[in-house]
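Each reported figure results from applying straightforward, stated rules to the coordinates on display, with no laboratory input. Computed from a predicted structure; not experimentally measured. Cβ sites come from the backbone with ideal geometry, for glycine too, and all protein chains shown count toward neighbours.
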Ligand code: GLY
């Protein structure tokens, strides 16, 4: 997988103009969803290098991250005269960058694409690292390929369009990046005020967070080893997210990850010696900013069952990424049913 360029944007017009000059595409298309078309696309309209590009507009939210929408994008590219030398610019959150990245990677066996993430979640996670795909048969990201964007442009001005919940959601992935890096990052993250966001400070923290992810992805682009560090909090987090969907109380991805972090840091404390003081710092910060997710012990079997379906597992054994300390990453860990139940007890009571 080719390495992508990541630009912390200073001047969107200049950067896009340079990318277009570098790629010299025969045609350019912009992919947006109904929300980003309204809130974010106006900033692209006046950029001369792309002002003639047709906008392909798809439904917003994860429910549209499916084969029908993908087919609409392929059709729009085909009808718009896209060739192998065309360029697709994905403007949106993770749903748009994942689906657009997959559409570009498969159209005529692959055209160049650029991501302009507009949510914190997609800036620090989804749009970086080359994972593309769609949901299929009720399973998240079931179909997809690894293929990097030519460039990811991080323009934190777009973050001002986000509501508080979406800032918190993306911030959970930043907490994860802090935990797999060092104490300085972690300490900065848990001292940031999510209720009164300082956007200038957030921009610096986004740059640090993305650099952490980029380092991991460069070392292991296809997730054979150390990239699994990025799954911290996600084994339990995905199970909570699926349970929330099934019980008609959907939650934002980052909230489920934050709650998953509590359980997985507990397992880390029990199994790999993770320091208790940091566990309690995490619990405090997450409780204060993400609230609680009500689960009942009668739901434990269902939650554990959901964990066994995770695509990170092999041979039905639940795979966790745990920590021995901040930055001391232990991939390919397992936990038995009793240990997982204990972690869920801690989550409910802690
Ligand atoms: N979202 C985790 C990864 O990109 O590997």
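Taking the Cα-to-Cβ direction at residue 305 and at residue 188 and moving 7 Å from each Cα, how far apart do the two end points lie in nm?
Spacing of the two 7 Å Cα→Cβ label points: 4.4 nm.
Any chance you could list the semi-axes, whole Å, largest first, of the equivalent ellipsoid that the Cα gyration tensor gives for segment 1-82, using √(5λ)?
Details: eigenvalues 102, 51, 42 Å².
Over the Cα atoms of segment 1-82, the ellipsoid semi-axes are 23, 16, 15 Å.
Within segment 1-26, what residues put their amide N at less than 19 Å from the label point 7 Å along the Cα-to-Cβ vector of residue 224?
Correct set: 1-4.
Once fully extended, how much extra length lies between residue 83 and residue 277, figured as 0.36 nm per residue of separation less the alpha-carbon to alpha-carbon distance?
64.2 nm
How do the peptides 27-39, 152-164 rank, highest first, by the average count of neighbouring beta carbon atoms within 10 Å per residue? Intermediate values should be presented prior to the final figure.
Numbers: 27-39: 21.5, 152-164: 17.8.
Sorting 27-39, 152-164 by mean packing, highest first, produces 27-39, 152-164.
If packing is taken as the average count of other Cβ atoms within 10 Å, what order do 84-90, 289-295 fall into, highest mean first?
By packing density, highest mean first, the sequence is 84-90, 289-295.
Using the count of nearby Cβ atoms within 10 Å as a rough guide to exposure, how do 214, 349 rank from fewest to most?
349, 214
Per DSSP helix of 4 or more residues, -39500 (n - 2.57); summed, then divided by the residues of the chain. What does that give at 222 nm, rounded to the nearest 500?
-14500 deg cm²/dmol
Using the basic label-point model (7 angstrom from Cα toward the beta carbon), what is the residue 336 to residue 163 distance in nanometres?
Rounded to a tenth, the inter-label distance reads 4.5 nm.
Give the separation of the Cα centroids, segment 61-127 to segment 220-266, in Å.
24
Would you please classify the overall shape of segment 171-261 from the alpha carbon gyration tensor, given that a ≥ b ≥ c denote the square roots of the eigenvalues, rounded means a/c under 1.5, and beyond that prolate means a/b larger than b/c while oblate covers the rest?
Oblate shape, in that a/c is at least 1.5 and b/c is the bigger or equal ratio.
For segment 114-246, what relative contact order do you get, as a whole percent, if you take Cα pairs closer than 8 Å and at least 6 residues apart? Write out the running numbers ahead of the final one.
Details: 139 pairs, mean separation 34.0, N = 133.
Relative contact order comes out at 26 percent.
What is the pair-distance distribution P(r) of the chain, computed from all Cα-Cα distances in 10 Å bins starting at 0, with each bin given as a whole percent?
Bins of 10 Å from zero give 5, 26, 34, 23, 9, 2, 0 percent of pairs.
Rounded, prolate or oblate: pick one for segment 28-130, where a ≥ b ≥ c are the square roots of the eigenvalues of its C-alpha gyration tensor, a/c under 1.5 means rounded, and failing that, prolate if a/b is larger than b/c, else oblate.
Taking the square roots of the gyration eigenvalues as a ≥ b ≥ c, segment 28-130 is rounded.
How far, in degrees from 0 to 90, does helix 234-246 lean away from the longest principal axis of the Cα atoms of the chain, to the nearest 10?
80
Per 10 Å bin, what is the whole-percent P(r) computed from every C-alpha pair distance within segment 226-323?
16, 48, 33, 3
Given a cut-off of under 8 Å on Cα pairs at least six residues apart, what relative contact order in percent is computed for the chain?
Once divided by the residue count of the chain, the mean separation gives 14 percent.
What ranking, highest mean first, results for peptides 229-235, 248-254 when packing means the other Cβ atoms within 10 Å averaged over each residue? Walk me through the numbers before you get to the answer.
Values: 229-235: 24.4, 248-254: 17.3.
For the peptides 229-235, 248-254, the packing ranking is 229-235, 248-254.
Under the definition of Cα pairs under 8 Å and six or more residues apart, what whole-number percent is the relative contact order of segment 186-258? Present the calculation step by step, with values, prior to reporting the outcome.
Details: 29 pairs, mean separation 13.3, N = 73.
Reported as a whole number, the value is 18 percent.
Determine, for 168, 297, 263, the number of other Cβ atoms within 10 Å of each Cβ, and report the residues in order from fewest to most.
Ascending Cβ contact count within 10 Å gives the list 297, 168, 263.
By how many nm would the segment from residue 248 to residue 198 lengthen if fully extended, with 0.36 nm per residue of separation less the alpha-carbon distance?
14.6 nm
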